[in-house]
Amino acid sequence: MAVGPYPCQYTFPYPFPTRALDSTSESGSAPRLHRSNQNPAESISSIPAIVESIMKKGLLIILLVYLSEVQPQKITYINAEVNKPVHLPCELNCYGLAKWTSLYPIKEDVADCNIKPCRIKDPLRISFPFQGDRTTGNNLLFINPVIYNDKGSYRCSCDGKKADVKLNVFVPMVVKAHEREKVSLPCYGDTRRDARDVQWKKETQLVLLYNHENGHVTRGKGFEDGFWVSSEAFKNGDLSLHISSVRQSDAGLYVCTIHGESTDGEPRAVLLIVEESGGLGGLGVLSILLALISGALGAFIIWLWRKKIISWQVIKGLYRRKAHREHDPVQEENPLAHLPKSTTTPFVQGPEE
């Protein structure tokens, strides 16, 4: 071993060998180092494989990041009737720049607002209810009226967070009913092949889910009684919702879907209008009873007159008495004063013979 030109520097008389750790030794006790016989050309040829592996991992990371960006945590479904108002909720509590974007079928900016002024594509129909006040953090979008081309997917973004809303716009069939009446909301679909179930919703609230395969019925809160779908009619493609006794609170927009909500029924939606009951209240029943009593009394008097049990003069006297009492109800009079005087000679008993 030779000493180099600098202190503590040594020069080896032969190249330092490339060594690798062998897991076993000849004695089988301790690992030993051995010289590597790998050809440098083989090491160079393995570089493309290493690069390919790194690229695959990088593409996977990029894909995961992309999916996390384009797929928000939750999608809110909103049903609206054409030419009626609707609120698109933004379930993000934020105070920065709020932006609404249409994603499908056309991608475009709908509205954005920071402090003020707010930039809105169609200010005559679309507005932010907070009117520039961002202290509440409420970023819902108000559309009035809804047009058919408003249907599609929307995204609300704020402070780097996103929330998606899917707006369905319906032109519903109108069904009218009175309170306590039985009513059927029509819906039809092809149930010969793939239809396993039918689902009815009021706005976005579950009313009834019927699974024809096992006959199981799931009812939403507030719709436990008086709502049903006929299992026999289901076989014929009739998926109508029946309500045994309709209430004012049952009025609203109902949507019918089949095949696990993958297909709309026909019609797609039904608007139920519940009018005040045409039945009789307490006052109506009393009025009818009084009318029946008056009619029966009049018919009885006419019967007495025809049987010559009572004369026409007596009837007119009764009428005059009634009119007089209505004119002066406190005046007292002889209850027999209204009777006409008899035209016959009264019987007078003569002297005894």
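The values are calculated or read from the model by the stated rules, or taken from the named source; none is laboratory data. Since the model is a prediction, treat every value here as computed from it, not as a measurement. Please note: Cβ atoms are built from the backbone with ideal geometry, for glycine as well, and neighbour counts cover all protein chains shown. When the accessible area is computed, the model is the full protein with side chains, heavy atoms only, and any ligands, DNA or RNA have been set aside. Shrake-Rupley method; radii C 1.70, N 1.55, O 1.52, S 1.80 Å.
Screening Tyr154 on (1) modelled with pLDDT of 90 or more; (2) in contact with a Pro (Cβ under 8 Å, 6 or more places away or on another chain); (3) within 30 Å of Pro123 (Cβ to Cβ) shows it passes everything except condition (2).
Applying the criterion of being at pLDDT 80 or above and of a type outside the set (A, V, I, L, M) to the residues of segment 107-118, the residue that is least open to solvent (accessible area, probe 1.4 Å) is Asp112.
Here is a yes/no grid of residues against (1) at pLDDT 95 or above; (2) more than 18 Å from the chain's Cα centre (by Cα); (3) within 30 Å of Ser102 (Cβ to Cβ):
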site: Arg180; (1), (2), (3): no, yes, no
site: Glu203; (1), (2), (3): no, no, yes
site: Phe227; (1), (2), (3): yes, no, no
site: Ser230; (1), (2), (3): no, yes, no
site: Ala233; (1), (2), (3): no, yes, no
site: Leu241; (1), (2), (3): yes, no, no
site: Arg247; (1), (2), (3): no, no, no
site: Thr257; (1), (2), (3): no, no, yes
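Before we move on, is Tyr210 out of contact with any Cys (no Cβ under 8 Å at 6 or more places or on another chain) and open to solvent by 40 Å² or more (accessible area, probe 1.4 Å)? Don't jump to the end; show me each part of the working.
Working: out of contact with any Cys (no Cβ under 8 Å at 6 or more places or on another chain): yes; open to solvent by 40 Å² or more (accessible area, probe 1.4 Å): no.
Judged against the criteria, Tyr210 is not a match.
Can you work out which of the residues in segment 132-150 that are part of a loop (DSSP other than H, G, I, E, B) and crowded, with 18+ Cβ neighbours inside 10 Å is modelled with the lowest pLDDT? Steps first, answer last, please.
Taking segment 132-150 as the starting set, the residues that turn out to be part of a loop (DSSP other than H, G, I, E, B) are 132-140, 144-147.
Of the ones still in play, those that are also crowded, with 18+ Cβ neighbours inside 10 Å are 134, 139, 146.
On the way: Arg134: 54, Asn139: 78, Val146: 91.
Residue satisfying both the conditions and the ranking: Arg134.
Can you give me the ranges of the strands (runs of 3 or more DSSP E) entirely in segment 185-266 with at least 3 residues that are of a type in the set (D, E, K, R)?
On the way: elements: 197-202, 205-211, 217-219, 241-243, 252-258.
In segment 185-266, 197-202 are the strands (runs of 3 or more DSSP E) which contain 3 or more residues that are of a type in the set (D, E, K, R).
Just one residue in the set Cys187, Cys158 is touching a residue at least 60 places away in the same chain (Cβ under 8 Å), surrounded by 14 or more Cβ atoms within 10 Å (Cβ to Cβ), more than 19 Å from Glu81 (Cα to Cα) and touching a Cys at 6+ places or on another chain (Cβ under 7 Å); that residue is Cys158.
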